[in-house]
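Here is the structure we will look at, set down as structure tokens.
The values are calculated or read from the model by the stated rules, or taken from the named source; none is laboratory data. None of the values given here were measured: they were computed from a predicted structure. When we count neighbours, we look across all protein chains shown, and the Cβ atoms used for this are built from the backbone with ideal geometry, even at glycine.
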Amino acid sequence: MRTILLSAALAVPALAQQQSDFYLREEIPLPPGEVMEISSLALMPDEKVAVATRRGDVWICSGAYADDLSEVTWQKFAHGLHEPLGMYYKDGSLFLTQRPDFSRIQDTDGDSEADVFETISSGWGISGDYHEYAFGSRPDPNGDVWITLCLTGSFTANSNWRGWTMRITPEGEMIPACSGIRSPGGIGQNATGDMFYTDNQGLWNGSSSLKWLKPGSFQGNPTGNKFHKLANLPAPPEVESGSRVLAEHLKHPEFIPPAVIFPHAKIGQSPSGIEVDTSGGKFGPWDKQLYIAEQTHSQIQRVCLEKINGIYQGAVLHFLKGFEAGLIPLRLDQEKGVLFVGGSNRGWASRGTKPFTFERVRPTGKTPFEILTMHAEPDGFTLTFTEPVDEKAAADPTSYSMEAWTYILQKDYGSPEVDQATPVIKKASVSTDKKSVRLTIEGLVRGHVHQLLLPGVKSAAGGNLWHPEAFYTLNEIPK
């Protein structure tokens, strides 16, 4: 077994918290000689893990939970699929979203290899362009699978329904759900069953973000708007290039702003898979929060969401780092508290230097001193922490600083940070139990990302925060 212990040293080495104090990242041995660019993961009975690759193979891994990973074994289950980017297990079958269709595969004769391949839905188009990815979810509370369809080359819409999200019912009916998609990297649900996807920086996306797929919504990129005619749907909005997301949302209420923006290079560059934590504390105190895989930085970020005035918003924080390749899928075993991740570097380089990887993360049982949640208030934010803070330091407004900015909504690629503001932290009030702080802030800006730095905050025991910054997307200011 090879165990990699990672460091996340902060400014004061003597009080720095190490990632390995709280989470152990371990590489799972792969089949010798195989190219395992992992694109999908599914948890199966008997602690088996199904692994799909970008090259179209499906393998079953046994032993991925074991303390001794040298005992891992692999069985090839299927081959010849077309880049499956979404997979789950149900009732003895594997269900996969691949580039041309949503399908089911199963082994009916018991020889551990798939022998039935059934297409459930294939109502969208493909052109052969390398970038026409299709990312599929696990079933929502109604049993529907949601599929986000990347634009052709991520710039144009040369095949039917490119730039849309579709719902596939259990009966195989395909229903257009949302428009305005650009280049998704993953799709998944929050704890209440609402669906989200990650979209990457590019045309009409100033920076990468996590977006709420509210049924009937427009997500910001008008390239695929023309396909509304295929189903006699109302035309999605035609937004103005050079505007701002907030301005266009106010003009077009069906344009749902990104729930959480990931400032480019500061919090990753290519968000991908989404997983919710409903483990009840088995993977740490991050109850009902989302974990977001990151391809370029080989990391996992943490997102805490809230809904204000009917719109999702929230904070993204750094979480885990040091993975061996660019991450694509991640799956948390909610009962056992084990997180599996896979990835590939083909097409896009990453901080992880290997061409592909399969890894797991297990908690040590220790909890870091960290920002737990960040909630918007009419005149500031309330922070909760994983343990009591040093009251004197946390009550000092100079222990914090904040900057805010937004992005241009434009047909050009990405955007610089614009419309900068410097909100002033006027007061910091510590709760009686010393586990939360209410920040009174002058100069909040609706529609802006608010970067909060906490260089002076310490725990009651004198420790530094593991990650002393958070980025909150303020779509709505509470009344």
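Taking segment 416-436 only, how many residues are closer than 28 Å to residue 203 by Cα and either in a loop (DSSP other than H, G, I, E, B) or of a type in the set (Asp, Glu) (or both)? Please lay out each step first, then the result.
Looking only at segment 416-436, we keep the residues that are closer than 28 Å to residue 203 by Cα, and these are 416-422.
Right, trim to either in a loop (DSSP other than H, G, I, E, B) or of a type in the set (Asp, Glu) (or both) and you get 416-417, 419, 422.
Counting residues in segment 416-436 that are closer than 28 Å to residue 203 by Cα and either in a loop (DSSP other than H, G, I, E, B) or of a type in the set (Asp, Glu) (or both) gives 4.
Within segment 387-407, if we keep just the residues that are within 30 Å of residue 238 (Cβ to Cβ) and out of contact with any Gly (no Cβ under 6 Å at 6 or more places or on another chain), the residue that is surrounded by the fewest Cβ atoms within 10 Å (Cβ to Cβ) turns out to be 405. Considering only residues in segment 153-175 that are of a type in the set (Val, Ile, Thr) and within 22 Å of the chain's Cα centre (by Cα), the one that is farthest from residue 131 (Cα to Cα) turns out to be 168.
Condition check ((1) part of a loop (DSSP other than H, G, I, E, B); (2) out of contact with any strand residue (DSSP E or B) (no Cβ under 7 Å at 6 or more places or on another chain); (3) in contact (Cβ under 8 Å) with a residue 60 or more places away in the chain) across all residues:
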site: 224; (1), (2), (3): no, no, yes
site: 230; (1), (2), (3): no, yes, yes
site: 235; (1), (2), (3): yes, yes, no
site: 248; (1), (2), (3): no, no, yes
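Name the single residue, out of those in segment 315-329 being out of contact with any helix residue (DSSP H, G or I) (no Cβ under 8 Å at 6 or more places or on another chain) and assigned to a strand (DSSP E or B), that is surrounded by the most Cβ atoms within 10 Å (Cβ to Cβ). Break it down stepwise before answering.
Within segment 315-329, the subset out of contact with any helix residue (DSSP H, G or I) (no Cβ under 8 Å at 6 or more places or on another chain) is 315-319, 323-329.
Subset that is assigned to a strand (DSSP E or B): 315-319, 327-329.
On the way: 315: 27, 316: 29, 317: 25, 318: 22, 319: 24, 327: 33, 328: 27, 329: 27.
Checked segment 315-329; the qualifying residue surrounded by the most Cβ atoms within 10 Å (Cβ to Cβ) is 327.
Contact map, segment 98-122: first residue farther than 22 Å from residue 150 by Cα, second residue of a type in the set (A, V, I, L, M, F, W, C) and in a loop (DSSP other than H, G, I, E, B), Cβ cut-off under 6 Å, separation 6 or more or different chains; pairs are 105/114; 107/114. Here residue 302 meets each of (1) in a loop (DSSP other than H, G, I, E, B); (2) closer than 22 Å to residue 380 by Cα with one exception, condition (1).
Scanning segment 431-450 for residues that are surrounded by fewer than 19 Cβ atoms within 10 Å (Cβ to Cβ) and not hydroxyl-bearing (Ser, Thr, Tyr) returns 433, 434, 435, 438, 442, 443, 445, 446.
When you scan segment 330-341, do you find a residue that is on the phi > 0 side of the Ramachandran plot, touching a Lys or Arg at 6+ places or on another chain (Cβ under 9 Å), surrounded by fewer than 18 Cβ atoms within 10 Å (Cβ to Cβ) and not charged (D, E, K, R), even just one? No, segment 330-341 contains no residue that is on the phi > 0 side of the Ramachandran plot, touching a Lys or Arg at 6+ places or on another chain (Cβ under 9 Å), surrounded by fewer than 18 Cβ atoms within 10 Å (Cβ to Cβ) and not charged (D, E, K, R).
Look at residue 137 and say whether it is over 25 Å from residue 336 (Cβ atoms), touching a strand residue (DSSP E or B) at 6+ places or on another chain (Cβ under 9 Å) and not aliphatic (A, V, I, L, M).
Values: over 25 Å from residue 336 (Cβ atoms): no; touching a strand residue (DSSP E or B) at 6+ places or on another chain (Cβ under 9 Å): yes; not aliphatic (A, V, I, L, M): yes.
When the stated conditions are applied, residue 137 does not pass them.
Condition check for residue 309 on (1) on the phi < 0 side of the Ramachandran plot; (2) surrounded by fewer than 21 Cβ atoms within 10 Å (Cβ to Cβ); (3) polar (S, T, N, Q): one failure, at (1).
Report yes if residue 331 is among the basic types (Lys, Arg), under 22 Å from residue 197 (Cα atoms) and under 17 Å from the mean Cα position of the chain (by Cα), otherwise no. Judged against the criteria, residue 331 is a match. The single condition among (1) crowded, with 22+ Cβ neighbours inside 10 Å; (2) part of a loop (DSSP other than H, G, I, E, B) that residue 214 does not meet is (1).
Out of all the residues in segment 437-479, which are part of a loop (DSSP other than H, G, I, E, B), more than 24 Å from the chain's Cα centre (by Cα), over 26 Å from residue 207 (Cα atoms) and at pLDDT 95 or above? Matches in segment 437-479: 456, 457, 460, 461, 462, 463.
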